[in-house]
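Here is the structure we will look at, set down as structure tokens.
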Amino acid sequence: MELRSKTPSGPLVEKWSKHRFEMKLVNPANKRKYTVIVVGSGLAGGAAAASLSELGYNVKCFCFQDSPRRAHSIAAQGGINAAKNYQNDGDSIYRLFYDTIKGGDFRSREANVYRLAEVSVNIIDQCVAQGVPFAREYGGLLANRSFGGAQVSRTFYARGQTGQQLLLGCYQALEKEVSRGGVTMYPRTEMLDVVVVNGRARGIVTRDMVSGAIETHLADAVILGTGGYGNVFYLSTNAKGSNVTAIWRAYKRGAAFANPCFTQIHPTCIPVSGEHQSKLTLMSESLRNDGRVWVPKRKEDCAKRPRDIPEQDRDYYLERKYPSFGNLSPRDIASRAAKEVCDEGRGVGPGGRGVYLDFGDAIKRLGRDKIAERYGNLFEMYERITDENPYEVPMRIYPAVHYTMGGLWVDYNLMSTVPGLHVIGEANFSDHGANRLGASALMQGLADGYFVVPLTIGDYFGSNKLEQVAADNPAVRATEDEVRARTERLLSINGSRTVTSIHRELGRILWEYCGMARDAAGLEKALRLIPQLREEFWRDVRVPGTGAELNQSLEHAGRVADFLELAELMCIDALHREESCGGHFRTEHQTADGEALRHDDRFAYVAAWEYGGDAKPPILHKEPLAFENVALSQRSYK
Amino acid sequence: MNITLHVWRQSGPDAPGTMVKYDAKDVSPDMSFLEMLDVVNEGLVERGEIPIAFDHDCREGICGSCGVMINGIAHGPMPGTATCQLHMRSFEDGAEVHVEPWRSRAFPVIKDLVVNRGAFDRIIAAGGFITAPTGGARDANTIPVPKDMADDAMDAAACIGCGACVAACPNGSASLFTAAKISHLGLLPQGQPERIRRALRMVAQMDDEGFGHCSLYGECQEACPKEISIDVIARMNRDFVVASMHAKEERVLGGTG
């Protein structure tokens, strides 16, 4: 396997426009001869499917939800970054690029990140044209707010429902194309494998989740926009259905998996309340604009009511440790700081795993109405879950798994190491390095879907002659047979353990040993425990019902089977990366004051893992990261 | 706390259904309603029975996947709350709780509590969009939108497409859903060029799908987890009446969909 990033030559600021000119085009009459499969209907997949159809391609779009409008992008709350500089506060494309590279702790590809910053301005224009109801000032112009890791206000938002509104814009464009006949939509349909014929991705195998029918869909190219794999931890802020299966199957068919251990732990989530907990709920990072994070200075005060702890006995630890960014420090840093104070025994709430996010000062300064206008829906959500009123008592928050920066390796054209297989949005590894900044996921999903992959797909078709693939091609038949056999095997084990109990156990192992802080001994232990659990799963899991009906246990079992393999790769990657960077914190590698210590001389590369075969170790390939425009430096938010 | 559940079980679209009784024991008041069902399902699997099928995904009240009738009320007793955000502290210890799927001819049952809401996608496909193909959009700040208008549009756009409005309506009308989208787009300057055809086509599609008519009972706004006001229905009716006067023109323009 060879990793060729295909980054265009020339100055950074000209790379994308140069590349757009150099890419091959497909003339409008010929576009309709091509069929493109898009798996996933979130911001990346939905935007790509709609845009490709508008260009004239035949698009088949798949999602496991009952409607494309329900993809997990919908849950994003806070906002979307764009280098519009509407606030005249010194923002620019270059500054957004720089903040994103630095926020990612210098583990992403310069050219990709610059392109992301460049097209960010087009995204806002596109969304407004579609009718996305962004927040406005009284003059009718767009409003902005600040987000972590930046000192400018460049985040556009629609109350606390930005992801929903962007996704609905995208979904409406998609439905417009469905009614025009350009897109065929396949809801409640799960991709279970990718069909590779003569080295190229030529289709997918799916299961109809209502009838249970296993079918093959052939195409000229396949795009995966299937999101992240945070649910490998069982408890995360992801939707319950979010899973790794699509990209994991692609990995096992030859697509390299990049930086699998780069996981984002979000600092502001509602703490776990008990064993029954099925998921964790995020409280938007935007709350840190006005909320102040603190814990008591003394352990003895932790059980007191927060309002009874006087100002001088509170430790506003983010403001103390990072005076220039304060409560808006990047996510990885804020999360680790919360863990640290809780490890010291100064955490609050049940089990001592929580810190306060306090709006008392903001309400005094701005009034309750202003705070309600900014965060009303988030406050209500918090109260519904915890039965506590955040206008009166400070919120309690704790970090939780939220996003995965790792994903399938892609080149500058967003194509994986399997020709014809493109990967967009959270499913790829490309733009966020070792830590994603807030409000950048929506930006990347839409950048990939609206503005990058519709063009690079044309270049792929224009540069390659694709043969006809018949439905009875042996490679097609073999893939479909493997999917059938796997489904039957899951149903036939009939053991004693539920899928959920094994998933929960896997989550505990990963959170303990491959979570916010990692070390060699713990990772080695996880690498012993995970294969044992996987063996137990295949020996003793119980999946009731049949394959020929709606069977949610079967769906879950298939996803957990893949998580059980992915978890091992994550630990292997975390163990091999003998440095700390961004969200990957190896306790053996830290500065004197406890910050992440990178080793650029040895690890300034993307770790892309190639599937080595059943029961064989994965093979590591390195894509060196060249920094020609920014100087590698120790990140400082002090 | 202990809860007695009566749950609608139906093995497939054409199978007969029935209410089945389950005991949910040692329920924590901090559990969400769906987490309580998770625990019941774990017990069913352990006993070798088929778990209760229900739609759910984000469990944060925003994806619109979940939704069941709880004691005859869409999404249960707490106002402005989707089923996933309803917590067991809303119930008394020892309560009897009846759980059924959405009731509507236009939402056929697939299995147990899972229904087919594809009709909503088809209503949007009929015209619930602004035609603005990717690329070429002008600078966002060249389209000023007065703040109050943007806020009204956002109130309508908050719809999560869960279907509670239909389930709660004695007529099984999808007017709140359809009107929310017509209002969201019709309030914005960008939505004006297609305002007439949008109203005509979406309303026609709503009728074709077999939803009932609106007679302003107002049950929909009571059930809506996003508390969307029936004011949007007044806006839809106004747009529809105006559009009907342009209907002849629409037929001439039609045929591209």
Under Stokes-Einstein, the range B:154-205 at 25 °C and 0.890 mPa s, with its Kirkwood radius over C-alpha pairs, diffuses with a coefficient in µm²/s of 211
Which residues qualify? For A:TYR186, with a placed amide H closer than 5 Å and at least 5 residues away or on another chain, they are A:CYS61, A:PHE62, A:CYS63
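Per residue of B:155-162, how many C-beta atoms from partner chains lie within 10 Å of its own C-beta, taken as a mean?
Values: counts 2, 1, 10, 8, 3, 6, 7, 1.
Mean partner shielding for this stretch: 5.
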Once the in-chain neighbours fewer than 8 apart are removed, the aspartates and glutamates whose Cα is under 18 Å from A:LYS31 read A:GLU54, A:GLU177, A:ASP220, A:ASP459, A:GLU467
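What pairs from A:LYS33/A:LYS616; A:LYS6/A:LYS525; A:LYS339/A:LYS364 go past 31 Å between their alpha carbons?
Working: A:LYS33/A:LYS616 41 Å; A:LYS6/A:LYS525 38 Å; A:LYS339/A:LYS364 29 Å.
As for pairs spanning more than 31 Å Cα to Cα, those are A:LYS33/A:LYS616; A:LYS6/A:LYS525.
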Mean projected area (nm²) from the convex hull of Cα positions in the range A:474-617 is 10.8
Rounded to whole angstrom, the alpha-carbon centroid of the range A:80-97 lies from that of the range A:380-434 at a distance of 22
Taking the alpha-carbon centre of each part, the distance from the range B:18-78 to the range A:585-627 in Å is 43
Site A:LYS18, offset 7 angstrom along Cα→Cβ, radius 16 Å on amide nitrogen, limited to the range A:407-449, gives A:412-413
Its Cα gyration tensor gives the range A:391-498 an equivalent ellipsoid whose semi-axes in whole Å, largest first, are 35, 29, 10
Gyration tensor on Cα atoms of the range A:199-310, a ≥ b ≥ c root eigenvalues, a/c under 1.5 rounded, else prolate if a/b beats b/c, else oblate, says prolate
Over all pairs of different Cα atoms in the range A:221-266, the reciprocal of the mean inverse distance gives a Kirkwood radius in Å of 11.7
Contact order relative to length for the range B:130-193, counting C-alpha pairs under 8 Å separated by 6 or more residues, stands in percent at 41
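Per residue of A:62-71, how many C-beta atoms from partner chains lie within 10 Å of its own C-beta, taken as a mean? Let's see the in-between values first.
Numbers: counts 0, 0, 1, 6, 13, 9, 2, 9, 11, 3.
The per-residue average across the peptide is 5.
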For the range A:474-617, averaging the sequence separation of alpha carbon pairs under 8 Å that lie six or more residues apart and dividing by its residue count, the contact order in percent is 26
Note on the protein assembly as shown, DSSP bridge orientation, antiparallel percent to nearest 5 equals 70
The residues A:THR479, B:THR131, sorted from fewest to most surrounding Cβ atoms within 10 Å, come out as B:THR131, A:THR479
Quick P(r) readout (the range A:103-202; Cα-Cα; 10 Å bins; whole %) gives 11, 27, 30, 24, 6, 1
Descending packing, highest mean Cβ count within 10 Å first, for A:179-188, A:540-549 is A:179-188, A:540-549
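To make sure I understand, if each residue's beta carbon is the centre and we count other beta carbons within 10 Å, what order do B:ASP93, A:ASP332, B:ASP139 fall in, fewest to most? Walk me through the intermediate numbers first.
Values: B:ASP93 10, A:ASP332 31, B:ASP139 13.
Ranking B:ASP93, A:ASP332, B:ASP139 by Cβ neighbours within 10 Å, fewest first, gives B:ASP93, B:ASP139, A:ASP332.
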Along principal axes, largest first, the alpha-carbon spread of the protein assembly as shown in whole Å comes out as 73, 69, 64
Each label sits 7 Å from Cα toward the beta-carbon; between A:TYR98 and A:PHE627 the label points are separated, in nm, by 1.3
Here, the range B:117-253 modelled as identical Cα point scatterers in vacuum has Debye log10 I(q)/I(0) at q = 0.17 Å⁻¹ of -0.91
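Output needed for chain B: three equivalent-ellipsoid semi-axes, defined as square roots of 5 times the C-alpha gyration tensor eigenvalues, in descending order, whole Å. Intermediate results must be reported in sequence, preceding the final value.
On the way: eigenvalues 296, 77, 51 Å².
Output for chain B: semi-axes of 38, 20, 16 Å.
Under the classification rounded if a/c is under 1.5, otherwise prolate if a/b is larger than b/c and oblate if not, where does the range A:266-400 fall, given a ≥ b ≥ c as square roots of the Cα gyration tensor eigenvalues?
Values: a/c = 1.26, a/b = 1.06, b/c = 1.19.
The shape class here is rounded.
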Note to self: C-alpha centroids of the range A:140-184 and the range A:477-539 sit apart, in Å, by 36
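Quick check on the range A:28-138: take the gyration tensor over C-alpha atoms, sort the square-rooted eigenvalues as a ≥ b ≥ c, and tell me if it's rounded (a/c under 1.5), prolate or oblate.
Values: a/c = 1.81, a/b = 1.57, b/c = 1.15.
Prolate is the answer for the range A:28-138, as a/c is 1.5 or above and a/b outweighs b/c.
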Here, B:ASP23 and A:ASP540, labelled 7 Å along Cα→Cβ, have an inter-label distance in nm of 2.8
Per-residue Cβ contact counts at 10 Å, fewest first, order B:ILE124, A:ILE247, B:ILE143 as B:ILE143, B:ILE124, A:ILE247
dims of the range A:452-528, Cα set, principal axes, largest to smallest, nearest Å -> 50, 38, 20
Once amide hydrogens are built 1.01 Å from N within the peptide plane, the residues lying 5 or more places from A:THR155 or on another chain with amide H under 5 Å from its amide H are A:ARG145
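Relative contact order, percent, of chain A when contacts are C-alpha pairs under 8 Å separated by at least 6 residues?
Relative contact order comes out at 20 percent.
Computed from the coordinates by the stated procedures, all read-outs in this text should not be read as laboratory data. Keep in mind it's a predicted model, so treat the numbers as computed, not measured. For neighbour counting, all protein chains shown are included, and Cβ atoms are generated from backbone atoms with ideal geometry for every residue, glycine included.
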